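Below: the structure, in structure tokens.
The values are calculated or read from the model by the stated rules, or taken from the named source; none is laboratory data. Predicted model, so just to flag it, every value in this text is computed and none were measured. Here the Cβ is made from the backbone with ideal geometry for all residues, glycine too, and neighbour counts use every protein chain on show. Protein only, heavy atoms only, side chains kept; ligands, DNA and RNA dropped before computing areas. Shrake-Rupley method; radii C 1.70, N 1.55, O 1.52, S 1.80 Å.
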Amino acid sequence: MSLTHDLSSVAAPKLAIDGETATSPGQIEVINPATAQVFVAVPDAGAAELDRAADAARRAGGAWRAVPLEQRQDYLRELVAVIRTHIDELALLVTLEQGKPLGRAKGEINSGLAYCERYASMALPVEVVRDDEAERIEIHRVPVGVVGAITAWNYPMLLALWKIAPALVAGNPVIVKPSPYTPVATLRLGELAQQVLPPGLLQVLSGGDELGRALTTHPLVSKISFTGSERTGKAIMAASAPTLKRLTLELGGNDAGIVLDDVDPAAIAADLYWGGLSNCGQVCAGLKRLYVPERLAADLEAALAEVAATVVVGDGTRDGVDMGPIQNKMQFDRVEALTAAARADGAEIYFRGDAPGGPGYFHPVMLVRRATDEMALVAQEQFGPVLPVLTYRDLDEAVARANASDLGLGASVWSSDEDRAVNVSGRLQAGTVWVNQHPMLSPDVPFGGVKQSGLGVESSVYGLLAYTDISVLRVKR
């Protein structure tokens with residue numbers, strides 16, 4: 001069955017500001033990466049719209065922080081219910097703007113809702129440090145204030161919900177700025193939120209880099225939560241310094257996986273493949289570099305190729321598609337350049353899958369061998385459907401090569417001996433180290449990077465606390 005959709009029926013969502021929908025003088029044309037054609041235009045918000053939104057958020061925040069935690073969580077559950085009612089509509093918008101298959105777009109939204117539901121059950125207890133005849137001392141967690149949430153284009157709805165839910169539960173209003181490549185579903189989310197949330201509490205502004213810079217410097221914004229590249233994260237950190245904004249930065253990753261010499265290649269091939277190339281390889285915590293023992297390389301390469309040969313690449317609105325296009329032309333060109341340079345320097349593309357010829361940004365699955373750590377394809381985050389398989393002779397060498405990066409988001413170890421794998425995992429420099437899986441995230445576990453992969457964490461109670469400040473009460477008796 002082929003799922004076809006009349007793109008002319010896609011209504012352009014508006015900005016969500018102060019409980020109302022609004023437009024702006026400028027427009028952003030949003031391209032469907034499966035067709036390389038504009039399918040809708042959305043408002044291009046500027047300084048005036050941001051000032052209005054920030055003032056509305058400040059007013060909403062004053063009342064919201066006084067609402068008891070349990071009631072704030074009830075509001076979040078209502079938002080989840082509204083999103084779930086509209087999930088088919090939202091999933092289609094994600095597929096049209098991001099490119100992933102429709103079922104995976106729906107899975108992305110359901111995953112985000114699971115995070116919301118977990119935050120809706122978390123507590124923010126008061127910690128009593130001392131309570132004696134001389135003094136009572138309490139540590140309270142209080143809202144930070146207006147939150148600016150800036151999201152990336154690989155998982156537009158999931159990343160927005162990751163930030164919206166803890167911010168609201170902690171007592172903060174939120175202004176969301178989605179990527180200009182994928183603003184449509186998030187704008188629609190903002191429209192839907194107006195049905196259940198007080199005005200000014202959750203606002204969505206679409207815009208380009210100028211809006212992002214204005215958000216990170218705005219005097220009424222107290223915290224920035226950002227997902228994206230380390231280059232942009234560093235710029236946000238510098239821009240936020242004059243106002244000392246609180247920051248959560250989830251940045252790039254060049255995750256290494258180390259396969260030990262006791263594995264059955266056929267048994268782990270599928271998990272390795274999808275650990276690296278899920279979402280067309282556009283996963284910040286995806287497996288980007290695979291280190292395998294020399295004696296297992298041929299068997300593992302063959303097993304990976306068997307899995308890759310089953311993957312169907314195409315338009316995500318069509319039935320039977322496993323992988324959509326790369327999301328934008330700039331990233332498509334970058335992946336092409338990285339693979340071409342590696343090949344020119346001696347790497348071999350030993351498997352090249354089938355992909356439509358265009359006009360969309362479809363890129364074939366590529367499995368690469370004989371690459372070196374010095375090649376940009378390995379040393380940099382590819383963010384595309386290309387997986388380099390590198391060999392090693394000595395485990396100490398493999399660990400050193402895995403750690404030889406400025407990034408440290410995730411890593412993995414693959415072995416039939418759990419104790420041995422755990423021992424190796426303790427030597428890897430990463431925010432999360434997985435054993436026999438990559439990546440695996442869940443709402444009750446913190447997620448973040450070390451080194452230049454970020455600052456702070458998302459998810460779990462630690463992610464919730466990142467949207468609070470500490471306030472100490474000391475009562476003399």
Taking 7 Å along the Cα-to-C-beta vector as the label spot, tell me the Val445-Ala235 distance in nanometres, rounded to one decimal.
3.3 nm
Between helix 156-169 and the chain: long-axis angle, C-alpha atoms, 0 to 90°, nearest 10:
30 degrees
Close Lys-Lys pairs in the chain, where close means Cα under 18 Å and separation is 8 or more or interchain
13
Residue order for Asp55, Asp264, Asp345 - accessible surface, 1.4 angstrom probe, largest first:
Asp345, Asp264, Asp55
If you take the charge dipole of the range 286-378 about its Cα centre, with +1 on Lys and Arg Cβ and -1 on Asp and Glu Cβ, which of His363, Asn328, Tyr350 is farthest toward its positive end?
Asn328
Calculated from DSSP helices alone, with each H run of at least 4 adding -39500 (n - 2.57) and the total divided by the residues of the chain, [θ]222 nm to the nearest 500 comes to -11500 deg cm²/dmol
³J(HN,Hα), Karplus 6.51/-1.76/1.60, whole Hz, each residue of the range 94-111, x for Gly, Pro:
4, 5, 5, 8, 9, x, 5, x, 4, x, 6, 5, 5, x, 4, 5, 4, 4
I'd like the accessible area for Ser425, computed on protein heavy atoms only with a 1.4 Å probe and all protein chains in place. Round to 10 Å², please.
20 Å²
Which angle between 0 and 90 degrees, to the nearest 10, do you get for helix 47-64 versus the longest principal axis of the chain when only C-alpha atoms count?
60 degrees
Please list 3J(HN,Hα) in residue order for the range 73-85, calculated via the Karplus relation 6.51 cos²θ - 1.76 cosθ + 1.60 where θ = phi - 60°; whole Hz, with x for glycine and proline.
5, 4, 4, 5, 5, 5, 4, 4, 5, 5, 4, 4, 5
Amide H partners (placed H, <5 Å) of Val450, local residues excluded
Gly408, Leu409, Gly431
What residues have an amide H closer than 5 Å to that of Val435, excluding those fewer than 5 places away on the same chain, when H is modeled at 1.01 Å from N in the peptide plane?
Val413
Rounded to the nearest Å, the spacing of the alpha-carbon centers of the range 224-289 and the range 317-378 is 18 Å
Given a 1.4 angstrom probe, what's the average accessible area per residue across the chain, in square angstrom?
40 Å²
Under the 0.36 nm per residue contour assumption, what length would be gained going from the current alpha-carbon distance of Leu244 and Glu70 to full extension?
59.6 nm
Using label points projected 7 Å from each Cα along Cα→Cβ, tell me how many nm separate Arg77 and Asn403, to one decimal.
4.7 nm
Note down the accessible area of Lys451, probe 1.4 Å, to the nearest 10 Å².
80 Å²
Among Ala256, Ala22, Val283, flag the residue with its Cα farthest along the positive direction of the charge dipole of the chain, charges on Cβ as +1 for Lys/Arg and -1 for Asp/Glu.
Ala22
How high is the relative contact order of the range 211-256, in percent, counting Cα pairs under 8 Å that sit 6 or more residues apart?
46 percent
Any idea what diffusion coefficient the range 368-454 gets from Stokes-Einstein, in µm²/s, Kirkwood Rh on alpha carbon pairs, 10 °C, 1.306 mPa s?
113 µm²/s
Amide H contacts under 5 Å for Val176, restricted to residues at least 5 apart in sequence or on another chain and with H modeled in the peptide plane, are Ala149, Gln203, Val204, Leu205
Gain in length, Asp419 to Glu138, computed as 0.36 nm per residue apart minus the alpha-carbon separation, to one decimal in nm?
97.0 nm
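Over the chain, what is the mean sequence separation of C-alpha contacts under 8 Å (at least six apart), divided by residue count, expressed as relative contact order in percent?
19 percent
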Could you tell me how many degrees, from 0 to 90 and to the nearest 10, lie between the Cα long axis of helix 329-344 and the main elongation axis, the longest principal axis, of the Cα atoms of the chain?
30 degrees
Percent accessible area from carbon and sulfur atoms, the chain, protein chains only, probe 1.4 Å
51 percent
Residue separation times 0.36 nm, minus the C-alpha to C-alpha distance between Val472 and Glu20: what's the value?
159.0 nm
Rounded to the nearest 5, the percent of antiparallel DSSP beta bridges in the chain equals 45 percent
Using alpha carbon centers only, the range 397-441 is separated from the range 182-200 by a whole-angstrom value of 39 Å
Computed magnitude of the charge dipole of the range 116-223 (debye, nearest 20; Cβ of K, R +1, Cβ of D, E -1):
500 debye
Output ³J(HN,Hα) for the range 346-356: one whole-Hz value per residue in order, computed from phi by the Karplus curve 6.51 cos²θ - 1.76 cosθ + 1.60 with θ = phi - 60°, and x for Gly and Pro.
x, 6, 10, 7, 8, 9, 10, x, 8, 8, x
